[in-house]
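Engineer: Got a structure for you, questions after.
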Amino acid sequence: MSEHGQLPDFKDLSKRLMSYGLVVFGHFSLGGEDAVVPGTGLSVEDFVVKVLQEYATGRIKHQKSRGSLMTVLGTAMRNDIVDALRKKSHELEETRATISVNEDSEEKDHEKPALDEYPQSMAPDPSSVVDEEEYRARIRTVVDDEPPLKDLVEAVLDLELYKPEDIADALGTSAADIQNRKKKLRRRLRQSGLVQSPKEEGRTL
Amino acid sequence: MKRRTPEEARNRINRLSEALIGAPDEIGGEEAEQALGEAGLDIEALQERVYQRLYAEAQQYWMAQKDLPPLLKKALDDLRPLSAPPRTEAELARQAKTSVERIVEKAKLLASALVPEAPLTFAESYRNKQDLTETDRKSIDAVQEQLKIKIERLKGKDDKGQ
């Protein structure tokens, strides 16, 4: 039920959640039509369905104090995506240890993990995408060629300003302009999901 | 640097994310449609897939002979694809209306593809034919004029329609 006691429009919710999910995937260098969280096969659509299922069956409740329904569901979905990446990064650390032990041992050849258990070479490393430093570097790379977006990113990342009004004051512009820049940044992130930070580009998985 | 718990690390990234791209509810329906279009996603097909998966969830309730939670029932009603057989007269009317709207939309597209954007010029080589009488020429000119008027009228309607 929505905050006004009305039942929500699920067509609208599914569309908006899908769009938000694409931006979140873009944040973590996951882009392209068939993007999935590496090693899990979970796509944006899977996360949208999960959160809608949980809401429709009462496992997620909408409380007015937590914001609008879209914010509650979008936040739950974003947390699911980050958790999936983090969980996978944890598993990968263990897999890497197993791989390095097995690779030197011919006797234990049969114990080597299957090929699909090795990280995909084109996929971002989940352990880096949930790292704050890497996250910051990646966002900077995405906006490097567009000064208004670069200013916004610097205000948030360097000056630690979080409210649109505070960012607007620091940049000498209006809060409405900041909202527009955020919209542009969302678009940029959706389109540049495959952009990797300089650190990630140099990494061999 | 202080070592953060996974929960704290996630909350930090979430805070930065919201400051940079806004809260989830800042994405409106229009922006969402544009974004999905740019990503090459068919919204109707997406909603049909979501419907199928929620339907699978609903089957568990039906098999257990339990009532559907009201929100799940609403989700299935909202996302029910147009290709599914109508269950009520209202649903039938909605499907018919949408189908007609789609046909009209396609017809408009077809008409705009048939009617050229550039100024019209007619082939006039017939004027050089020796065996045409003056009456023949007048008749052909009249047909040409009528065609021009008809096409201009069509173009005018099409422009208004857009």
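The values are calculated or read from the model by the stated rules, or taken from the named source; none is laboratory data. Just so we're clear, the structure is a prediction, and the values are computed from it rather than from any experiment. Positions of Cβ are generated from backbone atoms using ideal geometry, with glycine treated the same way; all protein chains shown enter the neighbour counts.
Engineer: Just one of B:Ala84, B:Ala19 is without any contact (Cβ under 8 Å) to a residue 12 or more places away in the chain and outside any helix (DSSP H, G or I); which is it?
Structural biologist: B:Ala84
Engineer: Further question: Mind listing whichever residues of segment A:26-69 are assigned to a helix (DSSP H, G or I), at pLDDT below 90 and either closer than 25 Å to A:Tyr135 by Cβ or in contact with a Gly (Cβ under 7 Å, 6 or more places away or on another chain) (or both)?
Structural biologist: Passing the criteria: A:Gly26, A:His27, A:Arg66.
Engineer: Within segment A:25-70, take every residue that is among the hydroxyl-bearing types (Ser, Thr, Tyr) and under 18 Å from A:Leu189 (Cβ atoms) and give me the one that is nearest to the other protein chains (Cβ to nearest Cβ).
Structural biologist: Filtering first and then ranking leaves A:Ser43.
Engineer: Further question: Condition first: at the interface with chain A (Cβ under 8 Å from one of its Cβ atoms) and assigned to a helix (DSSP H, G or I). Now tell me which residues in segment B:26-38 satisfy that.
Structural biologist: Within segment B:26-38, B:Glu26, B:Gly29, B:Glu31, B:Ala32, B:Glu33, B:Ala35, B:Leu36, B:Glu38 qualify.
Engineer: Considering segment B:39-48 alone, what residues qualify as being assigned to a helix (DSSP H, G or I) and within 7 Å of another protein chain (Cβ to nearest Cβ)?
Structural biologist: Selection gives B:Ile43, B:Leu46, B:Gln47.
Engineer: Among what's in segment B:41-88 and is under 20 Å from the mean Cα position of the chain (by Cα) and small (Gly, Ala, Ser), pick the residue that is surrounded by the fewest Cβ atoms within 10 Å (Cβ to Cβ).
Structural biologist: The residue in question is B:Ser83.
Engineer: Would a scan of segment A:103-121 turn up a residue that is surrounded by 11 or more Cβ atoms within 10 Å (Cβ to Cβ), under 30 Å from B:Ala32 (Cβ atoms) and at pLDDT below 95?
Structural biologist: Yes, segment A:103-121 contains at least one residue that is surrounded by 11 or more Cβ atoms within 10 Å (Cβ to Cβ), under 30 Å from B:Ala32 (Cβ atoms) and at pLDDT below 95.
Engineer: Could you count how many residues in segment B:124-138 are surrounded by 12 or more Cβ atoms within 10 Å (Cβ to Cβ) and either of a type in the set (Ser, Thr, Tyr) or part of a loop (DSSP other than H, G, I, E, B) (or both)?
Structural biologist: Qualifying residue count for the region: 2.
Engineer: Buried (at least 19 other Cβ atoms within 10 Å of the Cβ) and modelled with pLDDT under 90: does that describe B:Ile21?
Structural biologist: For B:Ile21, the condition - buried (at least 19 other Cβ atoms within 10 Å of the Cβ) and modelled with pLDDT under 90 - is not met.
Engineer: Right, another one. Is there a residue being of a type in the set (Gly, Ala, Ser) and under 27 Å from A:Thr57 (Cβ atoms) anywhere in segment B:99-116?
Structural biologist: Among the residues of segment B:99-116, not one is of a type in the set (Gly, Ala, Ser) and under 27 Å from A:Thr57 (Cβ atoms), which makes the answer no.
Engineer: Just wondering, is there one or more residues in segment B:60-75 that are within 20 Å of A:Arg59 (Cα to Cα), touching a Leu at 6+ places or on another chain (Cβ under 6 Å) and facing chain A (nearest Cβ under 7 Å)?
Structural biologist: yes
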